[in-house]
Amino acid sequence: MVQRRYPLWVAVAAAIVMIGAACSIAAALAIARTEAKDSQGRFGVSAAGVVSRLSQTIQNENDLVISAGGFADREPDPTSSQLAAWLATVQAPQRYPELQQVMIIQKVPVGRLADFAAGRWSHPAAALPDSTLALPPTARGYYCLASATGYPGISGSPVGVDLCANEAVARSRDSGRAVTTRITGGQWADGTLLAGTPLAVVTPIYRGGYVPGSVTSRQEAFVCWIVMTINTQVILNEAIGNHPDLGVTLRYDNGSGTPVVASGGVAVVGGQTLTTSLSTGLTVTVTGPPDAGGVLGPGSPVVVLVTGLAASLLLGVLILVLATGRERALRLVSQKTDELAHLALHDALTGMPNRALIVDRVDHALARVRRSRGTAAVLFVDLDGFKKVNDTFGHAAGDHLLCTVAARLTGAVRASDTAGRLGGDEFVVIVEDATAESGAEIVAERILSRLAEPVQLNDAAGTLVRTRASIGIAVGLRDSSEDLLRDADIALYAAKTSGKDRFVLFAPQMHEVAQARLALETDLRVAVGTDQFFLLYQPIFDLRTEEMIGVEALLRWQHPERGVIAPDQFIPLAEETGLIVGLGRWVLGEACRQAVTWQAHGHNLMMSVNVSSRQFDSDVDIVADVRTALADSGLEADRLMLEITESRLMRDAEQSAVKLGALKDCGIRLAIDDFGTGYSSLSYLQQFRVDVLKIDRSFVASAGDSTVASALLRTVVQLGKAFGIETLAEGIEEEAQLRFLQRAGCDSGQGFLFAKPMAPESLEELAIRTKATPRKTMLSLTRAPAS
């Protein structure tokens, strides 16, 4: 029985040996692959670092081109001395050691060649004989020649180089794209050849600092070419840095792929490579040693096989199984940990760094600034009009717009900078190693330019929308990241309040303004709940009879410490915070109650109430507020008039017409306030169903003194009569203005000539005094002091 079992055990033993050998070989191969992967990873990190340095250098040069384009646009015919002075101002020698020359190239008609040479191409060491040029004939009718050159350490101007002989350069003006080429056969005025025939990056420049959308507009807006000649050996050596085992080759897209220059180690058979496309058609290839690893290489896994067979194949198999299981478990834990860490530090919608990661990176940037005495900047970017897109097209379209903006922001900054999202439509960009304000301003200009391009939404119609942005910039060292972010936010508020679609640099006085505004906002919120507001009323007069026919309700704030605060100080803040909606509802109800009180005393006056833009736009139904105020007070609907500014109505004219129609259906009267300062069209004026055009005080102030203002005022009055709409002039302060309006046929008016805003009791006293006054004698009464 034992003998019979022996072959079985032999077979089992042989099977165990075979299984053990197979498992050991598999483990050896796995170790070899791991070592190869590690080698590839190390090469990938090193190669990516080389590419990143090259990319950052080229991005810096692109920034210089943008700045030089602005200089050329401001100085349409600069001299070499001016260009050299500008390059010194931006510290070009220190910041761009790879540059050999910066030139401004202009189109020179063939007929102006001699004049151009006499005026531009003189050399301090050797003047050209009779200022002529030996250039080959051209069918284009013009040459592309250097009109200004400037760079410290290089004197004179390049002569005899027609840049447009290169067809790619000639086409760059119409395409709006930079090209990379070599300047061959070029020489300086003293005959010295250009060293190493350097690489030239040629960029077309257009008026306004941006690339127009069509070929025709690019031809019309073209200013010049900016040419930068670059010593590629310098940038390649700097990029390789501390990687002597790597080689790098830079190519440019000229159709042949011929290497321009190579540096570092020599490529070997089987070596690792990484090829990346950079800007302006450049391609960089990094080469390194072959993959490490191999079963029989150094540290060979053969030891695993021998040890496993010698000790115990079964134990080896067990260890292998346990190791494999443990590896899988650790890999799974690591994967989930990485996913959770990424979610904790990145925005779920856009994948950008979130607030937590942004604050951390600002802290690190400030720490580097303290060590290296460099500088850092934070840009707060807020989209203008995003809420309108979100409300009009839905949240899915809004999310698509945010993702598009995130991609454009990421593409507008350098690899060393950080772009993140705080939430909503607020983004942050961290710029490191920026040269004072100039670097941050260049980034801001680039962001505004990128975001100005239209975005196609993902709705069924593929709607194109344009969104702009406001940017606040804070530059320099702060005690903490929160201080730098706060200052950028304060600058953003200044950009918003000064007109949007722009960037504003933080200034220390802005902090004081922000603190004062915060204090006022706090007091305003307290005031809303503690009845600190009251109404004054300014009379409105029939200009034909000069009799009082109505009043305008005006909101005032009685601050317990500051006294009466003028509306222009708190109304904009109430608009911004949304408190104006509740305040407007209170004003409407209080004004209606006061009108009913006067009616009970025998004064049937029209009550006019202003409606703010925020109140008109609010999700709260203003039509319901009007009906509630009329019902609670008992005021007849035709004795209430609402005033809405022309600019607000024209912001969304079609929607405004619908809402005005609903208000008109309540039976009230409607007036367009500040008429003449917006952009109303006659077609919308018919759709708006308004009763009164309220002529802006700026027209009244100039009436009689300015021919244009007088003509405009008469036109508004006649326009009102043509449409059957009354006209009401505000800001009447002089007798001559009143008489002019009467002759023009204006229906009614108000102003200090009649009476200033007054308390209800004082206005009622005035109404009593003037009620029985004969026609045309009221002005003497209204001019009397009133409380």
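Where a number appears in this text, it was derived from the coordinates with a stated rule and is not lab data. All figures in this text were calculated on a predicted structure; none of them were measured in a lab. Positions of Cβ are backbone-derived with ideal geometry, glycine not excepted, and every protein chain shown enters the neighbour counts.
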Test of understanding: what is the full-extension gain from Ala759 to Ile19, defined as 0.36 nm times their sequence separation minus their Cα-Cα distance? 256.1 nm
The simple spin-label model distance between Gln456 and Gln56, using points 7 Å out along Cα→Cβ, in nm, is 3.7
Contour minus Cα-Cα span, Asp621 to Ala165, at 0.36 nm per residue, comes to 157.4 nm
Two pseudo-spin positions, 7 Å from Cα along C-beta at Arg689 and at Val658, lie apart in nanometres by 1.4
Modelled label-to-label distance, Arg651 and Arg177, 7 Å Cα→beta-carbon offset: nm? 4.2
FRET efficiency estimate (nearest 0.05) - Cβ-Cβ, Arg207 to Cys666, R0 41 angstrom: 0.20
Report the extension gain between Arg502 and Thr715 in nm, rounded to one decimal, defined as 0.36 nm multiplied by the number of residues separating them, less their alpha carbon distance. 73.1 nm
Within straight-line cross-link reach of Lys500, aspartates and glutamates at Cα separation under 12 Å, skipping those fewer than 8 residues along the same chain: Asp382, Asp384
GluC sites (Glu not before Pro) within the stretch 581-677: which are DSSP loop residues with at most 15 other Cβ atoms inside 10 Å? Glu636
Quote the relative contact order of the stretch 587-653 in percent (integer), defining contacts as alpha-carbon pairs under 8 Å separated by 6+ residues. 44
Which loop-located GluC sites (Glu not before Pro) does the stretch 540-580 contain, where loop means any DSSP state but H, G, I, E or B and the Cβ has at most 15 other Cβ atoms within 10 Å? Glu561
Contact order normalised by residue count of the stretch 455-508, Cα under 8 Å, 6+ apart, percent: 36
What's the local net charge at Cys164, with K and R +1, D and E -1, over the other residues with C-beta under 13 Å away? +1
What is the stretch 534-629's relative contact order, in percent, from Cα pairs under 8 angstrom and six or more apart in sequence? 27
Set the Förster distance to 56 Å, then compute FRET efficiency between Asp531 and Ala415 from the Cβ-Cβ distance, nearest 0.05. 0.45
Rounded to the nearest 0.05, what FRET efficiency do Ala736 and Glu547 give with R0 = 25 Å and r taken as the Cβ-Cβ distance? Could you check? 0.75
So what J values fall out for the stretch 227-233 if you push phi through Karplus, 6.51 cos²θ - 1.76 cosθ + 1.60 with θ = phi - 60°, rounded to Hz, Gly and Pro as x? 10, 10, 9, 10, 7, 5, 4
Charge context of Met641, other residues only, Cβ under 14 angstrom, K/R +1, D/E -1: -4
Determine one quarter of the surface area of the Cα convex hull of the stretch 501-591, which equals its mean projected area, and express it in nm² to one decimal. 9.0
